[in-house]
1. Somewhere in the range 7-18, is a residue part of a helix (DSSP H, G or I), loosely packed, with under 10 Cβ neighbours inside 10 Å and either touching a helix residue (DSSP H, G or I) at 6+ places or on another chain (Cβ under 9 Å) or at pLDDT 90 or above (or both)?
2. All but one of (1) at pLDDT below 85; (2) assigned to a helix (DSSP H, G or I) hold for residue 3, so report the exception by its number.
3. Residues of the range 19-28 being surrounded by 11 or more Cβ atoms within 10 Å (Cβ to Cβ) and in a helix (DSSP H, G or I), which ones?
4. Consider residue 51 carefully, then state whether it is outside any helix (DSSP H, G or I) and more than 13 Å from the chain's Cα centre (by Cα).
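The values are calculated or read from the model by the stated rules, or taken from the named source; none is laboratory data. Bear in mind the structure is a predicted one, so any value in this text is a computation, not a measurement. Using ideal geometry, Cβ is built from the backbone for each residue, glycine included, and neighbour counts are taken over all protein chains shown.
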């Protein structure tokens, strides 16, 4: 039996509620969102630094 895409989402949600409790889920989601934002900022800064270094090397 094959489990499709949306079924996996529901399985993950149910396991998350069982592990952390319904009250803890919003806090975990908020923390995950902030962490993702910080990661994206760092990635953008790193890409900019690489671009600047390549431009200096080419000069």
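1. Checked the range 7-18: at least one residue is part of a helix (DSSP H, G or I), loosely packed, with under 10 Cβ neighbours inside 10 Å and either touching a helix residue (DSSP H, G or I) at 6+ places or on another chain (Cβ under 9 Å) or at pLDDT 90 or above (or both).
2. Against the list (1) at pLDDT below 85; (2) assigned to a helix (DSSP H, G or I), residue 3 comes up short only on (2).
3. 20, 25, 28
4. On the way: outside any helix (DSSP H, G or I): no; more than 13 Å from the chain's Cα centre (by Cα): yes.
Criteria not met by residue 51.
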